[in-house]
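Data block below; observations after.
None of the figures in this text is laboratory data; all of them are computed from the coordinates on show. This is a predicted model, so every value here is computed, not measured. Heads up, the Cβs are rebuilt from the backbone with ideal geometry, glycines too, and the neighbour counts pull from every protein chain shown.
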Amino acid sequence: MSRNEEIFRNYLAVIDIHLEELVSGKTDRMYELQDIAAHIFIHPTHLSTVIKQHTGHHPCYFYEQKIMAHAKKLLQDKQYSVADVAYTLTYDPSNFTKWFKAFEGVTPSQYRSRLMQAAAPVNV
């Protein structure tokens, strides 16, 4: 495994651990790139450069993909309001809605409604 691949895999692992801690309530602060770089013991600029060279994407691309996966998972549970999901992921609810829609093309409420419609039994 190349050093760039190792850095990239470590980056993804730190994000996964951090998001699990965030969702479980062990932390209430979203990491920034410099926080992740510190966990990997490299400079944030070097981390960003390596990931861009290795994948063709900025590190934020992968971070946001993973945040979106957690958001979708949380939205599947009706016990959490959209605002609860937003706060869990350290967003203001209106900013979360804008962010979610920019990535998914629908608001979190619309996404949830579509999930519920898809899961509803079909009456024949």
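Can you name every residue in region 69-106 that is on the phi > 0 side of the Ramachandran plot and touching a residue at least 60 places away in the same chain (Cβ under 8 Å)? The one that is on the phi > 0 side of the Ramachandran plot and touching a residue at least 60 places away in the same chain (Cβ under 8 Å): Thr90. Each residue in region 107-124 was checked for being of a type outside the set (A, V, I, L, M, F, W, C) and assigned to a loop (DSSP other than H, G, I, E, B), and 3 pass.
Taking the criterion of being of a type outside the set (Ser, Thr, Tyr), surrounded by 13 or more Cβ atoms within 10 Å (Cβ to Cβ) and without any contact (Cβ under 8 Å) to a residue 40 or more places away in the chain, the residues of region 107-116 that qualify are Pro108, Gln110, Arg112.
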